[in-house]
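Each remark here refers to the structure printed beneath this line.
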Protein chains: 2
Amino acid sequence: MVTIAVDAMGGDKAPAPEVEGAIHAALEFGHRIILVGDRDEIHHSLKSHSSASTLPIEVLHATERITMEDHAAKAARSKKGSSMHTCARLVADGKADGFLSAGNTGACMAIAKMVLGKVPGVDRPALSGVFPSHKGSPVVVVDVGANVDCEPAMLAQFGLMGQIYSRLVLKVKHPRVGLLSIGEEEHKGNMLTREVTPLLKDLGFDFIGNVEGRDLFSGNADVIVCDGFVGNVALKVAEGLAEMMGRMLRESLTASVSGKIGYALSRSAFRDFRKRVDYSEIGGAPLLGVKGVCIICHGRSDSNAIKNAIRVAAEFASSNMNQRIEEELREFAQAD
Amino acid sequence: MVTIAVDAMGGDKAPAPEVEGAIHAALEFGHRIILVGDRDEIHHSLKSHSSASTLPIEVLHATERITMEDHAAKAARSKKGSSMHTCARLVADGKADGFLSAGNTGACMAIAKMVLGKVPGVDRPALSGVFPSHKGSPVVVVDVGANVDCEPAMLAQFGLMGQIYSRLVLKVKHPRVGLLSIGEEEHKGNMLTREVTPLLKDLGFDFIGNVEGRDLFSGNADVIVCDGFVGNVALKVAEGLAEMMGRMLRESLTASVSGKIGYALSRSAFRDFRKRVDYSEIGGAPLLGVKGVCIICHGRSDSNAIKNAIRVAAEFASSNMNQRIEEELREFAQAD
């Protein structure tokens, strides 16, 4: 049985979505969950779910919590009794197979790197965003915020880790890896993309060259490599636009009587649509390159997002992802 | 009367959308239009519009055309008889107040810089994208692709030009200028954003600090400053997501009978929605910092997008935008 530690104090509305997500994950997938955080608050949330007591869910008390306002590096060093630290230690000690948090992303990355350490050969762990694509299988974008001002060699490693993740966890047979740039031709890009291109060509996977911003959703690439600054901007542009379009669509539809009736009649179609573009169905961003499994969720994650992040954490933990990263990096270093 | 030169051979389906857009612009706004390109093809398109002969539309023959496949800098130097060159020369010679093209963006920028020259004091002309925002007034993003690998001083100039555009052309009274980064706090960003922050603070306009990708649509800032690589990725992420969401929504709605009926009943609401998020309503990307007016349109621009780009070109030409850029840059240089 896979055991996942959940930081119950992470998200904006913690611990309610974390507790409910854990219950659904335990019910649907049969995973064992350790909810970490303020014992009283967690038990209070658990009480409103009658099925909870029969499920493989444990509560582990943590005295501190890291907030969104905390300075990432400082909190990582000083708040060692936090729910986030405790989760990471459960993984480091082999008591959990992976952990997830919807809390302060910077602090979570710092703690994961500090407590879990890096997979041998990895220079910089990278946060990968997973985007819904029109063609069905999700697109992995590495890095979406762990590393800004990247060296070319770092991006090459992001590509390697991303394609292993796509293959082993998302089950894409032959992932196509693209480099995020501003035109398909090789010369179109900036200094970084031009320097990283020969490195990516050398790595032995299916490197398809430059891709553009729209390919985050086109399905033309399975893995998209970029600097963490660019990737984070891209991620947040997508979130912002999806939110604005959803809101404007609702406003337009509810502004007239015929629109309202139409909206009511198409309710299930809208639900289907939302499900297809909804990030919460995809379940959090894996931090690739740390020993163990760490999934970082959006602060606004609802119980569905938490449930799916638990599913992803378990799939990641059941793959031999980190071993493959180590092996492929070693092969690459030897071939060099 | 404002005269706008239109590169009739630019877009993917040229010259039909260019000709139709010109007719609508002449009808609606009363501007004088010079359609530049292959005389026969343009006249063939004009013939299908009975009203065309009564409108202030002229045709100017150009022997060459620049294609999307042309190398930007090479085409700019060698195809001097192209419709794009001819348009730029009409502006440089004072025979038109501005020009627009839906052709090869790189070539168009190169030609505009070469033929029109730069506004005194401007280091690098910048392409600005204009995004629809939830709050109504559009958001100007500078740069969206003219300059990659930017120096901090270049971004400061982008901010200055962007806020003048927002004020004089988009009629925003006190534009708030934000710096695109990966967190609102000043220390969150990369080397470039940290170096440009003190420069932007010094420019005397309303600099609101870092903004994030989602602020392209939030309306929290009126002008967003970024490196052209990041801006181009952001623009294309937005295009790609809008396209995917539109397609998925249609698919979901037409998959069931009740969805289809709902869709039919809400047709006008959907039209309203599309109009609010549609880039073609906004009308092209102005190249800021060149002497004269150059608007660059998407290759897939339809006649509505061309019409609106003509409107924007005329509004730009009627403002004293370039003079203000020169004056404000001079003030800034003297204060330094």
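When residues of region A:190-209 are filtered for being open to solvent by 10 Å² or more (accessible area, probe 1.4 Å) and closer than 26 Å to B:Asn104 by Cα, how many remain? Spell out the reasoning first.
Applying the first criterion (open to solvent by 10 Å² or more (accessible area, probe 1.4 Å)) to region A:190-209 yields A:190-192, A:194-195, A:198-199, A:201-209.
From the residues that got through so far, the ones that are closer than 26 Å to B:Asn104 by Cα too are A:190-192, A:194-195, A:208-209.
Summing the residues that are open to solvent by 10 Å² or more (accessible area, probe 1.4 Å) and closer than 26 Å to B:Asn104 by Cα in region A:190-209 gives 7.
Using the structure shown, decide if A:Arg167 is in contact with a Pro (Cβ under 7 Å, 6 or more places away or on another chain), more than 14 Å from chain B (Cβ to nearest Cβ), closer than 28 Å to A:Ala313 by Cα and open to solvent by 10 Å² or more (accessible area, probe 1.4 Å). Reasoning before the result, please.
On the way: in contact with a Pro (Cβ under 7 Å, 6 or more places away or on another chain): yes; more than 14 Å from chain B (Cβ to nearest Cβ): yes; closer than 28 Å to A:Ala313 by Cα: yes; open to solvent by 10 Å² or more (accessible area, probe 1.4 Å): yes.
So A:Arg167 fits the description; yes.
How many residues, within region B:192-208, are out of contact with any strand residue (DSSP E or B) (no Cβ under 7 Å at 6 or more places or on another chain) and modelled with pLDDT of 95 or more?
If we filter region B:192-208 for residues that are out of contact with any strand residue (DSSP E or B) (no Cβ under 7 Å at 6 or more places or on another chain), which is where we start, we get B:192, B:194-195, B:198-199, B:202-204.
Going one step further and asking which of them are modelled with pLDDT of 95 or more, we end up with B:192, B:194-195, B:198-199.
Qualifying residue count for the region: 5.
Each row is one residue, and each column tells you yes or no for (1) at pLDDT below 95; (2) not assigned by TED's automatic domain parsing to the domain that holds A:Ala72.
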position	(1), (2)
A:Cys108	no, no
A:His134	yes, yes
A:Val140	no, yes
A:Gly145	yes, yes
A:Leu155	no, yes
A:Gly159	no, yes
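Being open to solvent by 30 Å² or more (accessible area, probe 1.4 Å), assigned by TED's automatic domain parsing to the domain that holds B:Ile42 and within 19 Å of B:Lys13 (Cα to Cα) narrows it down to one of B:Glu69, B:Glu58, so name that one.
Values: B:Glu58 fails: within 19 Å of B:Lys13 (Cα to Cα).
Of the residues listed, the single one that is open to solvent by 30 Å² or more (accessible area, probe 1.4 Å), assigned by TED's automatic domain parsing to the domain that holds B:Ile42 and within 19 Å of B:Lys13 (Cα to Cα) is B:Glu69.
Listed residues B:His174, B:His187; which is in contact with a strand residue (DSSP E or B) (Cβ under 7 Å, 6 or more places away or on another chain), open to solvent by 60 Å² or more (accessible area, probe 1.4 Å) and part of a loop (DSSP other than H, G, I, E, B)? Before you say what the answer is, go through the steps one by one.
Numbers: B:His187 fails: in contact with a strand residue (DSSP E or B) (Cβ under 7 Å, 6 or more places away or on another chain).
Unique residue meeting the criteria: B:His174.
A:Gly204 versus (1) part of a loop (DSSP other than H, G, I, E, B); (2) on the phi < 0 side of the Ramachandran plot: which is the lone unmet condition?
(2)
Count, please, the residues in region A:72-84 that happen to be crowded, with 19+ Cβ neighbours inside 10 Å and outside any helix (DSSP H, G or I).
So the count comes out to 2.
Which is polar (S, T, N, Q) and more than 19 Å from the chain's Cα centre (by Cα), of A:Ser128, A:Ser101, A:Ser82, A:Ser166?
Numbers: A:Ser128 fails: more than 19 Å from the chain's Cα centre (by Cα); A:Ser101 fails: more than 19 Å from the chain's Cα centre (by Cα); A:Ser166 fails: more than 19 Å from the chain's Cα centre (by Cα).
Going through A:Ser128, A:Ser101, A:Ser82, A:Ser166 in turn, just one is polar (S, T, N, Q) and more than 19 Å from the chain's Cα centre (by Cα): A:Ser82.
Yes/no matrix, rows are residues, columns are (1) assigned by TED's automatic domain parsing to the domain that holds B:Thr67; (2) farther than 28 Å from B:Ala25 by Cβ:
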{"position": "B:Glu251", "(1), (2)": "no, yes"}
{"position": "B:Gly262", "(1), (2)": "no, yes"}
{"position": "B:Asp272", "(1), (2)": "no, no"}
{"position": "B:His298", "(1), (2)": "yes, no"}
{"position": "B:Ser301", "(1), (2)": "yes, no"}
{"position": "B:Ile310", "(1), (2)": "yes, no"}
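Quick test of your reading of the structure: A:Asn190 fulfils all but one of (1) more than 9 Å from chain B (Cβ to nearest Cβ); (2) closer than 28 Å to B:Ala72 by Cα; (3) free of Cβ contacts under 8 Å to residues at least 60 places away in the same chain. Name the failing condition by number.
(1)
So which residues in region A:300-317 are under 15 Å from A:Thr105 (Cα atoms) and open to solvent by 10 Å² or more (accessible area, probe 1.4 Å)?
A:Arg300, A:Ser301, listed by residue number.
For region B:37-49, indicate whether the set of residues that are assigned to a loop (DSSP other than H, G, I, E, B), on the phi < 0 side of the Ramachandran plot and at pLDDT below 95 is non-empty. So that I can check it myself, show each step before the final result.
In the first step, residues of region B:37-49 are kept if they are assigned to a loop (DSSP other than H, G, I, E, B); the result is B:38, B:48-49.
Those still in the list that are on the phi < 0 side of the Ramachandran plot too: B:38, B:48-49.
Narrowing the set further to residues that are at pLDDT below 95 leaves B:48-49.
Yes, region B:37-49 has at least one match.
Being surrounded by 24 or more Cβ atoms within 10 Å (Cβ to Cβ) and in a loop (DSSP other than H, G, I, E, B) narrows it down to one of A:Ala107, A:Ala146, so name that one. Reasoning before the result, please.
Numbers: A:Ala107 fails: in a loop (DSSP other than H, G, I, E, B).
Within the list A:Ala107, A:Ala146, the selection yields A:Ala146.
Looking for something open to solvent by 20 Å² or more (accessible area, probe 1.4 Å), small (Gly, Ala, Ser) and outside any strand (DSSP E or B) - is there at least one such residue anywhere in region A:122-135?
Looking for residues that are open to solvent by 20 Å² or more (accessible area, probe 1.4 Å), small (Gly, Ala, Ser) and outside any strand (DSSP E or B), one finds none in region A:122-135, hence no.
Considering B:Gly11, B:Gly21, which residue is within 21 Å of B:Ile111 (Cβ to Cβ) and in a loop (DSSP other than H, G, I, E, B)? Walk me through how you get there before you give the answer.
Values: B:Gly21 fails: in a loop (DSSP other than H, G, I, E, B).
From the options B:Gly11, B:Gly21, the qualifying one is B:Gly11.
Among the residues of region B:1-18, write down those that are of a type in the set (A, V, I, L, M, F, W, C) and in contact (Cβ under 8 Å) with a residue 60 or more places away in the chain. Don't jump to the end; show me each part of the working.
Here is the first cut: in region B:1-18, the residues of a type in the set (A, V, I, L, M, F, W, C) are B:1-2, B:4-6, B:8-9, B:14, B:16.
Matches in region B:1-18: B:Val2, B:Ile4, B:Ala5, B:Val6, B:Ala8, B:Met9, B:Ala14, B:Ala16.
Could you tell me how many of the residues in region B:91-102 are among the small types (Gly, Ala, Ser) and touching a helix residue (DSSP H, G or I) at 6+ places or on another chain (Cβ under 6 Å)? Break it down into steps so the answer makes sense when it comes.
Of region B:91-102, the ones among the small types (Gly, Ala, Ser) are B:92, B:94, B:96, B:98, B:101-102.
From the residues that got through so far, the ones that are touching a helix residue (DSSP H, G or I) at 6+ places or on another chain (Cβ under 6 Å) too are B:92, B:96, B:98, B:101.
Counting residues in region B:91-102 that are among the small types (Gly, Ala, Ser) and touching a helix residue (DSSP H, G or I) at 6+ places or on another chain (Cβ under 6 Å) gives 4.
The values are calculated or read from the model by the stated rules, or taken from the named source; none is laboratory data. From a predicted model like this one, the values you see are computed outputs, not experimental measurements. When we count neighbours, we look across all protein chains shown, and the Cβ atoms used for this are built from the backbone with ideal geometry, even at glycine. These area figures cover heavy atoms from the full protein model, side chains too; ligands, DNA and RNA do not enter into them. Shrake-Rupley method; radii C 1.70, N 1.55, O 1.52, S 1.80 Å.
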